[in-house]
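Asks: Can you keep this structure in mind? I'll have questions shortly.
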Amino acid sequence: MVKIIAEIGLNYAYGKDRSQFLDNAKKLIDVAAVAGCNWVKFQKRDPDTCVPDDQKNQPKLVPWREEETTYLQYKKDIEFGKEEFDIIHEYCMKKGIGWFVSVWDKPSVDFIVENGYSNYGSTLMKIPSALITDIELCRYARENSDWLIISTGMSDQSEIDHCVESCKPDIVMHTNSTYPSPVDELNLEYIKWLTDKYQDQIDIGYSGHEFGLVTTMAAVCLGATWIERHVTLDRTNWGSDQMASVEPGGLIKLVKGVRDIEKAMTGYGPRQVMGSELKKRKSLRGL
């Protein structure tokens, strides 16, 4: 069965009061659970480590602060810590859906491990497209996770090959890192190429950032066994990822479409008369 990930990311971080972020996250978890997704995914960063020094003091306007703040403070504002993730972990378990994070630095890997966050007895982590050339981080995440996902956006094949050889991921996600991605640059045939290259050694998936659902569903027909899309309650919400995300009704349609494709693609070999055809065969052919 295709695994479907609803990428919550930072789409909970909007509104006039930071105290509503956790409630926003719970609503997004609810949407993913109702739609039938297998996982929700968040981002985990240590802002002091991740934000470059030349960006830390850049001015930033955010809706939950009356006065202008710095980019570093903005990143700290939107970061969930142990208190929030403890609640998220319990909430996801209650809803019957797994959760994991994209790790952007070693302290974030340590945060997941030290707090014992696992789903179904396993720890799953993802290296975002921006960091698959950070081989030290990739190896560290590999050493500290049962399942490791990498994404291929912004990378050429030599960079992807080097990452795969260095950290032996379990899942490789094809993606275009533009938000939203131009449809004529999705290069979905690359999924088949990856499947042929790695045979059954690595699962191949697709993380979509395009408008619409059809192309993401098509990825399943081409062999993707993991599907990921950003989810939002409303694409007009404040935040950089909201516009390229899927709203609740779209996520429900996406999951149903993937499951219908799975059912429709069963069977191989010479044509046989289907059970639903027997009555029509008898009435039209007398057989």
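Asks: Say we look at the range 42-56 and pick out the residues that are free of Cβ contacts under 8 Å to residues at least 40 places away in the same chain and loosely packed, with under 14 Cβ neighbours inside 10 Å; which of these is nearest to Y12 (Cα to Cα)?
Replies: D48
Asks: Another question, if that's okay. What's the total number of residues in the range 80-90 that are aliphatic (A, V, I, L, M) and within 20 Å of the chain's Cα centre (by Cα)?
Replies: Qualifying residue count for the region: 1.
Asks: A further question on this structure: Which condition from (1) more than 16 Å from the chain's Cα centre (by Cα); (2) in contact (Cβ under 8 Å) with a residue 24 or more places away in the chain; (3) closer than 23 Å to Y120 by Cα is the one that I204 breaks?
Replies: Tallying (1) more than 16 Å from the chain's Cα centre (by Cα); (2) in contact (Cβ under 8 Å) with a residue 24 or more places away in the chain; (3) closer than 23 Å to Y120 by Cα, I204 fails exactly one: (1).
Asks: Also, quick follow-up: Inside the range 138-157, can you point out the residues that are within 27 Å of L186 (Cβ to Cβ) and either assigned to a loop (DSSP other than H, G, I, E, B) or touching a residue at least 12 places away in the same chain (Cβ under 8 Å) (or both)?
Replies: Of everything in the range 138-157, those that are within 27 Å of L186 (Cβ to Cβ) and either assigned to a loop (DSSP other than H, G, I, E, B) or touching a residue at least 12 places away in the same chain (Cβ under 8 Å) (or both) turn out to be C138, A141, W147, L148, I149, I150, S151, T152, G153, M154, S155, D156.
Asks: Separate question: Output the number of residues of the range 22-34 satisfying the condition of being in contact (Cβ under 8 Å) with a residue 60 or more places away in the chain and either more than 21 Å from W99 (Cα to Cα) or out of contact with any strand residue (DSSP E or B) (no Cβ under 7 Å at 6 or more places or on another chain) (or both).
Replies: Counting residues in the range 22-34 that are in contact (Cβ under 8 Å) with a residue 60 or more places away in the chain and either more than 21 Å from W99 (Cα to Cα) or out of contact with any strand residue (DSSP E or B) (no Cβ under 7 Å at 6 or more places or on another chain) (or both) gives 7.
Asks: Out of (1) surrounded by 16 or more Cβ atoms within 10 Å (Cβ to Cβ); (2) closer than 28 Å to D30 by Cβ; (3) within 19 Å of the chain's Cα centre (by Cα), what's the single condition that is false for D77?
Replies: (3)
Asks: Taking the range 38-83 as the search range and keeping residues that are among the hydrophobic types (A, V, I, L, M, F, W, C) and part of a helix (DSSP H, G or I), which one is farthest from S108 (Cα to Cα)?
Replies: By that ranking, first place goes to L72.
Values in this text are rule-based calculations from the coordinates and carry no lab data. Small disclaimer: the values here were computed from a predicted structure and weren't measured. So basically every Cβ, Gly included, is an ideal-geometry build from the backbone, and we count neighbours across all protein chains shown.
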